[in-house]
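These notes concern the structure reproduced below.
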Amino acid sequence: MFFAVLKIILPTFGWVLAGLVLNRVGLLPPSINERFSRLAFTYGLPVMLFAGAAQVNYREMGGASYLYAGVIASVTVFFASWQYSKLRGHARAQQGVFVQAAFRSNLAIVGIALAYSAYGERGTALAALPVALLTMLYNVLAVWVLNVTLGAGTTVRAVILGVLKNPLIIGISAGAVFSLRYYPPPDLLQPLSAGLSAFFLPAMLICIGGAMNVSRLYRAGGLAWEASAWRLVLGPGLGVLIALAFDVRGEALGVLFLLLATPVAVSGHVMVVAARGDGVLAANITVLTTLLSLLSITLGFFLLSAFSLVGELR
């Protein structure tokens, strides 16, 4: 069972490691990395997510309990980590960075890649709606906490409008609407989804690795380790408990765990820098959680599999 889980987790992080190595030897310069990431984010991933979401009959999916569980878990971690940060006496300017790291996972790239690795195209399809819903929620909560702790001038309205223009959200929403049809999906959708997933997911994971600066780990302080514990252990654990309380089992639980257990999203670092916050701390947490998540996700998913809670894997 443990090796079956490793077969799911290792390929995803193997691509991240490959990107890190390619960057170190000079074969993946930042300019190329940035251009390809923008291409994939604007066109490749949205089309892939559209094709996946369009194949699912959401009326027969067993309800939206796993969506509710994901939202409740994220909001709970948001408020609990903020209160924890205050009680620990963290500097006000660091509280926003800490809280955002605690609740904000890398849904759209690492989460989708893990769901696909575990369950194939069914995993991608099941992950589509949570990715759309949680992405919107994450952005609103991030603006809230950064505005309060850093005095950032971004409004929630501007963030919501920005999210609605997000290519990933547009692709997922269009796919979900298309899935409501009352006729079989076109035969083209399945191979399209499979082909795009096979190309763009590894490519985006390589880009994540290529953007990492491991030397930052030497300067990672206790605050970064605390935030990593919230992101990789407390957050996913709470999500699983809430999902079980909602009677979520099988593939839906597996996908939800993989989405909530991923490392901190790079977009969180971008938002902190834009708000003139502690960009070094945010970058440290991003690198640290990316490296540690290989262990935490493997162990967490293994435990869920051992108790037969996450359905049949690929």
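Each reported figure results from applying straightforward, stated rules to the coordinates on display, with no laboratory input. Here the structure is a predicted model, which means the values were calculated and not measured. Note that we place each Cβ from the backbone using ideal geometry, even for glycine, and neighbour counts take in every protein chain shown.
Tabulated data
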item	result
Extension gain (nm, one decimal) between Val214 and Leu17, 0.36 nm per residue minus Cα-Cα	69.8 nm
Calculated log₁₀ intensity ratio I(q)/I(0) where the Debye formula runs over C-alpha points of the chain, q = 0.07, 0.09, 0.14 Å⁻¹	-0.25, -0.42, -1.07
Dipole-positive endmost among Ile160, Gly254, Leu309 within the chain (Cβ charges, Cα centre)	Ile160
Longest to shortest principal axis, alpha-carbon extents of segment 1-111, angstrom	46, 45, 36
FRET efficiency for Ala93 and Leu161, using Cβ-Cβ distance with R0 set to 35 Å, rounded to 0.05	0.85
Size of charge dipole - the chain - debye, nearest 20, with Cβ of Lys, Arg +1 and Asp, Glu -1, no other charges	680
Using alpha carbons only: equivalent-ellipsoid semi-axes of segment 139-298, gyration tensor based, whole Å	30, 21, 18
